[in-house]
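Here is the structure we will look at.
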Amino acid sequence: MHVVECDYPPGSGLSRDLVERAYFHDSYRAALARPELGIVDIFFALFGHTPLWMKLLLIVRNAIAKLVGLEAPSVGEIMSPAIKSEYRVGDKIGPWPIYFIAENEIVAGRNNKHLDFRLSVLEARDGEGPNVIVTTVCTVHNVFGKIYLFFIVPFHRTGVRALISNAVAAKRL
């Protein structure tokens, strides 16, 4: 199975209004061959196996972000994300605070001066069978947010597809 770009999933904890007024958003879908997995397991099947090269890029990006006064995850949160047995709104999952959690979806992200982003991992059961849909939504606050996204979006698209593809190939999903 391959990863396909798709529309924003209806029924997501991300409001349609947030997505429609976002400066940037994308969604990717892949088949879920292991429908018995819980949403936290699905999240870590995707984001708990980040390749070293990607972690190193994130660490460099975060170091630069901290230099200009932005909130960013620590090196430890990137290199060895903690996995807890239970999560609720306000907890961190990986490097990001949780804004919404349900049986079939986690919405995490971060608010900063230049932009806010939300990442949704949604288990969707529809006519196409069980799927996982990963959606990213970015709302910019100023020109720095637009400049940041100009440089980051190509890496983001490649990275998200790679994480999903790797999880599918390794049969973690």
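Values quoted throughout were computed directly from the atomic coordinates according to the rules given, and no laboratory measurement underlies them. Everything numeric here is computed off the predicted structure, so don't read it as measured data. FYI the Cβ positions are ideal-geometry reconstructions off the backbone, even for glycines, and counts take in every protein chain you see.
The table for this structure:
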| read-out | value |
| --- | --- |
| Cross-link pairs K113/K171; K66/K146; K146/K171; K84/K146 - those with Cα-Cα distance over 29 Å | K113/K171; K146/K171; K84/K146 |
| Theoretical gain in end-to-end length, K146 to S15 [0.36 nm per residue, Cα-Cα removed] | 45.0 nm |
| Prolate/oblate/rounded call for segment 1-40, Cα gyration tensor, a/c under 1.5 rounded | oblate |
| 5 angstrom amide H check on G94, placed H, neighbours 5+ away | A82 |
| Integer Hz, Karplus 6.51/-1.76/1.60 couplings in order for segment 126-134, x for Gly and Pro | 9, x, 8, x, x, 9, 10, 10, 9 |
| Centre separation in Å (Cα based) which lies between segment 115-173 and segment 1-30 | 8 Å |
| Sites S85 and V153 - FRET efficiency at Förster radius 25 Å, r taken between beta-carbons, to 0.05 | 0.10 |
| Identified option (computed Kirkwood radius over Cα pairs in Å; candidates (i) 17.0; (ii) 15.8; (iii) 16.4) | (iii) |
| Amide proton proximity set for K113, modelled H, under 5 Å, gap of 5+ | E71 |
| Kyte-Doolittle mean at least -1.0, axial Cα span of 24 Å or more - DSSP H helices of the chain | 143-169 |
| Stretch in the chain that is longest and holds no GluC sites (Glu not before Pro) that DSSP places in a loop and that have at most 13 other beta carbons within 10 Å | 129-173 |
